[in-house]
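The values are calculated or read from the model by the stated rules, or taken from the named source; none is laboratory data. Just so we're clear, the structure is a prediction, and the values are computed from it rather than from any experiment. Cβ: placed from backbone, ideal geometry, glycine included. Neighbour counts: every protein chain shown.
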């Protein structure tokens, strides 16, 4: 059954678990050889692979239905930041420094100008992140690809490779987390590249088929506002690790929101968290929530609600990590503490959300 979000998150999670169970049955194929899987946990943001003395991670993702927002606004040079953020920040959540990226653009027909705008944005995002674009493909698939309007329609995905820094003995998997550790939130700039099925449904129901042209405020339209490119956190995480300010766990807040993604980090130690000082939702998030009459529980499941990444850190390193993060021009704040109870609670002035695992 399809959920109000436009996707069935529970079904998606179960399908991911099923897919991973089949993938895990291939792990022994490389045992004792280059490319062997060395991660200690299942369901992390990326896995550690051993290639002789080199330790790498691989992550794949895409821009999802945010591509339609680019089609509607005819602004194509920002999606590259979303694509890089999705794959590189998954790698950085395990401690990898993103190094290389290969991308695939599936189109109904080729518009050379649109492709150029997309790739310009990808170049800019990779330059920001220190990533080399080492491969790619443009595949013409005709009416297998569709979207808004009569210009080129597309799906865009990528796979990135990251290298584990020399000062990390293994990937960051949450196994060193203890009750009493602090959680730091890195503020997001927007919806990033998740939850757009719900966003599009809500705005269409409120404003009709041409909802992207409706004014968000006196400066911009709804289409341009929600197209805000993702802030890429990987360069910050790499810098912290280089300074030996190594988080015990890192949660990239994507589909499933704060609760499901933080749980992926905490499950190794079966700990929980009380988050009583999360970054506030951005104004556009609150407006979407109001327009769609979305409950707080659903909003924090579908969207990041202002929190793009959570770092679990030792108490003694909190202030230094906050200082270094702000030096890099990322907004951050202490969001809460780790608890011995295996539940996650987000505490706000007017409501509290708790999820037990």
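Observations on the structure shown:
- Residue in the range 214-230 that is at pLDDT 95 or above, touching a helix residue (DSSP H, G or I) at 6+ places or on another chain (Cβ under 7 Å) and closer than 20 Å to residue 45 by Cα present: yes
- Yes/no for residue 294 being surrounded by 20 or more Cβ atoms within 10 Å (Cβ to Cβ), in contact with a strand residue (DSSP E or B) (Cβ under 7 Å, 6 or more places away or on another chain) and modelled with pLDDT of 95 or more: no
- In the set (1) at pLDDT below 95; (2) within 19 Å of residue 223 (Cβ to Cβ), the condition left unmet by residue 169 is number (2).
- Total residues in the range 300-354, condition touching a strand residue (DSSP E or B) at 6+ places or on another chain (Cβ under 8 Å) and at pLDDT below 95: 2
- Number of the condition not met by residue 322 [criteria: (1) in contact (Cβ under 8 Å) with a residue 12 or more places away in the chain; (2) over 25 Å from residue 246 (Cβ atoms)]: (2)
- Residues (crowded, with 17+ Cβ neighbours inside 10 Å and part of a loop (DSSP other than H, G, I, E, B)) located in the range 157-167: 164
- Exactly one residue among 325, 354 is farther than 21 Å from residue 194 by Cα and outside any helix (DSSP H, G or I), and that residue is 354.
- Against the criterion of being assigned by TED's automatic domain parsing to the domain that holds residue 317, touching a strand residue (DSSP E or B) at 6+ places or on another chain (Cβ under 8 Å), within 30 Å of residue 162 (Cα to Cα) and not in a loop (DSSP other than H, G, I, E, B), residue 236 qualifies.
- Pairing residues of the range 194-223 that are assigned by TED's automatic domain parsing to the domain that holds residue 288 with residues that are surrounded by 13 or more Cβ atoms within 10 Å (Cβ to Cβ) and part of a strand (DSSP E or B), at Cβ distances under 9 Å and at least 6 apart in sequence or on separate chains, gives 212/221; 213/221; 214/221; 215/221.
- Candidate set: the range 328-341, residues that are over 22 Å from the mean Cα position of the chain (by Cα) and assigned to a loop (DSSP other than H, G, I, E, B); chosen: the one surrounded by the most Cβ atoms within 10 Å (Cβ to Cβ): 341
- Checked against (1) under 28 Å from residue 198 (Cα atoms); (2) crowded, with 20+ Cβ neighbours inside 10 Å; (3) under 19 Å from the mean Cα position of the chain (by Cα), residue 344 passes all but condition (3).
- Test: residue 197 is out of contact with any strand residue (DSSP E or B) (no Cβ under 9 Å at 6 or more places or on another chain) and either at negative phi or surrounded by 17 or more Cβ atoms within 10 Å (Cβ to Cβ) (or both): yes
- For residue 72, the requirement of being over 15 Å from residue 230 (Cβ atoms), in a helix (DSSP H, G or I), in contact with a helix residue (DSSP H, G or I) (Cβ under 6 Å, 6 or more places away or on another chain) and modelled with pLDDT of 95 or more is met.
- The sole residue among 127, 143 that is farther than 20 Å from residue 106 by Cα and in a helix (DSSP H, G or I) is 127.
- The range 265-283 - residue that is touching a strand residue (DSSP E or B) at 6+ places or on another chain (Cβ under 7 Å) and surrounded by 21 or more Cβ atoms within 10 Å (Cβ to Cβ) and, of those, farthest from residue 178 (Cα to Cα): 278
- Of all residues in the range 92-103, those satisfying the criterion of being farther than 18 Å from residue 55 by Cβ and either crowded, with 18+ Cβ neighbours inside 10 Å or outside the structural domain of residue 137 (by TED's automatic domain parsing) (or both) are 101, 103.
- Criterion: more than 22 Å from residue 246 (Cα to Cα) and free of Cβ contacts under 8 Å to residues at least 40 places away in the same chain - qualifying residue of 69, 115, 105, 110: 115
- Selection over the range 6-34 of residues that are exposed (fewer than 13 other Cβ atoms within 10 Å of the Cβ), over 30 Å from residue 199 (Cβ atoms) and modelled with pLDDT of 70 or more gives a count of 8.
- Taken over the range 104-123, the criterion of being more than 17 Å from the chain's Cα centre (by Cα), buried (at least 16 other Cβ atoms within 10 Å of the Cβ) and under 23 Å from residue 59 (Cβ atoms) is satisfied by 104, 105, 106, 118, 119, 121.
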